[in-house]
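Enquirer: Structure in structure tokens, see below.
The values are calculated or read from the model by the stated rules, or taken from the named source; none is laboratory data. For clarity, every value in this text was computed on a predicted model and none was experimentally measured. For neighbour counting, all protein chains shown are included, and Cβ atoms are generated from backbone atoms with ideal geometry for every residue, glycine included. Surface areas here come from the heavy atoms of the whole protein model, side chains and all, with no ligands, DNA or RNA. Shrake-Rupley method; radii C 1.70, N 1.55, O 1.52, S 1.80 Å.
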Amino acid sequence: NAGVTQTPKFQVLKTGQSMTLQCAQDMNHNSMYWYRQDPGMGLRLIYYSASEGTTDKGEVPNGYNVSRLNKREFSLRLESAAPSQTSVYFCASIQKDRGGSYGYTFGSGTRLTVV
Amino acid sequence: GDSVTQMEGPVTLSEEAFLTINCTYTATGYPSLFWYVQYPGEGLQLLLKATKADDKGSNKGFEATYRKETTSFHLEKGSVQVSDSAVYFCALSASNTGNQFYFGTGTSLTVIP
């Protein structure tokens, strides 16, 4: 099925551990994004990649790194997890058209708890 | 900076009631406006969008009109169903910052039979 696939769906980490969240899309979209969703705060952009080989910081990049491995894959890494990074993480992709941009296609999310 | 403000929830309605969820925005230039819906345990799905002033987006009985004079994009539905229970997000895409989106904080809707 076409769309955005995220793994894992759930993860519990201890403070200081590292992990990588994986994201892949099969729609041949150029742009990919990582958001975090916290209660009462909506979605906040962590990092994005406008095209293969490029990455840029979003609103809340501290404590995260990303890799745009190829056009399909965009991973998010937590080098040393902190309780403040407990959140639901969403990956999304979008294909910008000439007149503006289509809506995002979102993955189903990764629920991360840092204890 | 660009931002979206939407009404706080939660909102609880009886089936077949009329729904309005307010959304106002602040943006330079001419943004595109969106409503997304998130069902429990799932990612966000595009519900409807409008790309210029006075456009009306519609889908699944939901409607929203892009009002430049009041900087608003309120979501409405004439008769809600239990299956409409979800969290609704208003969002804008600012034309002068590429395709980065700005999301509201979300409004939780519960429809009771």
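Enquirer: Once neighbouring chains are kept in place and the probe is 1.4 Å, which whole percent of the accessible area of chain B is contributed by carbon and sulfur?
Expert: Values: 2530 of 5200 Å².
The value for chain B is 49 percent carbon and sulfur by accessible area.
Enquirer: Taking Rh as the Kirkwood radius, which is the inverse of the mean 1/r over Cα pairs, what is the Rg/Rh value for the protein assembly as shown? Write out the running numbers ahead of the final one.
Expert: Numbers: Rg = 17.6 Å, Rh = 18.1 Å.
On the Cα set of the protein assembly as shown, Rg over Rh gives 0.97.
Enquirer: Out of B:LEU109, B:SER14, B:SER72, whose Cα points farthest toward the positive end of the dipole of chain B (charges: +1 Lys, Arg; -1 Asp, Glu; placed on Cβ)?
Expert: Of B:LEU109, B:SER14, B:SER72, it is B:SER72.
Enquirer: If the only charges are +1 at each Lys and Arg Cβ and -1 at each Asp and Glu Cβ, what is the size of the charge dipole of chain B around the Cα centre, to the nearest 20 debye?
Expert: Numbers: 7 positive and 11 negative charges, 57 e Å.
I would put it at about 280 debye.
Enquirer: For peptide B:102-111, how many partner chain Cβ atoms fall within 10 Å of a residue's Cβ, on average? Write out the running numbers ahead of the final one.
Expert: Values: counts 5, 7, 2, 6, 6, 0, 0, 0, 0, 0.
Going residue by residue through B:102-111 and averaging, the value is 3.
Enquirer: Just the Cα atoms of segment B:10-108, one point each, no solvent: what log10 I(q)/I(0) does Debye give at q = 0.11, 0.24, 0.25 Å⁻¹?
Expert: So the normalised log intensities are -0.31, -1.33, -1.42.
Enquirer: Same structure again: log₁₀ I(q)/I(0) of segment A:10-68 at q = 0.13, 0.27, 0.28, 0.29 Å⁻¹, via Debye over equal Cα point scatterers, no solvent, to two decimals?
Expert: The Cα Debye sum returns log10 ratios of -0.40, -1.26, -1.28, -1.30.
Enquirer: Taking the Cα atoms of segment B:64-113, report the difference between the largest and smallest coordinate on each principal axis, in whole Å and largest first.
Expert: Per principal axis, max minus min of the Cα coordinates gives 44, 22, 13 Å.
Enquirer: Could you compute the FRET efficiency for B:THR70 and B:SER108, with r as their C-beta to C-beta distance and R0 at 25 Å, rounded to 0.05? Could you put the intermediate results ahead of the total?
Expert: Values: r = 24 Å, r/R0 = 0.97.
About 0.55, to the nearest 0.05.
Enquirer: Across peptide B:14-21, how many C-beta atoms of other chains are within 10 Å of each residue C-beta, on average? Walk me through the numbers on the way to the answer.
Expert: Numbers: counts 0, 0, 0, 0, 0, 0, 0, 0.
Average per residue, whole number: 0.
Enquirer: Can you grab the distance from the C-alpha centre of segment A:14-75 to the C-alpha centre of segment B:24-48, Å, no decimals?
Expert: Going from one Cα centre to the other spans 19 Å.
Enquirer: Still on this structure: Could you give me D for chain A, from Stokes-Einstein at 10 °C and 1.306 mPa s, where the hydrodynamic radius is the Kirkwood radius over C-alpha pairs? Units µm² s⁻¹, please.
Expert: Values: Rh = 14.2 Å.
Translational D for this selection: 112 µm²/s.
Enquirer: Now a separate question. With a point put 7 Å past each Cα toward its Cβ, work out how far A:SER18 is from B:THR12 in nm, to one decimal.
Expert: For A:SER18 paired with B:THR12, the spin-label model returns 4.8 nm.
Enquirer: Quick one: work out the % antiparallel among DSSP beta bridges in the protein assembly as shown, nearest 5. Don't skip to the end; give the middle numbers.
Expert: Working: 71 of 79 bridges.
Antiparallel bridges make up about 90 percent of those DSSP assigns within the protein assembly as shown.
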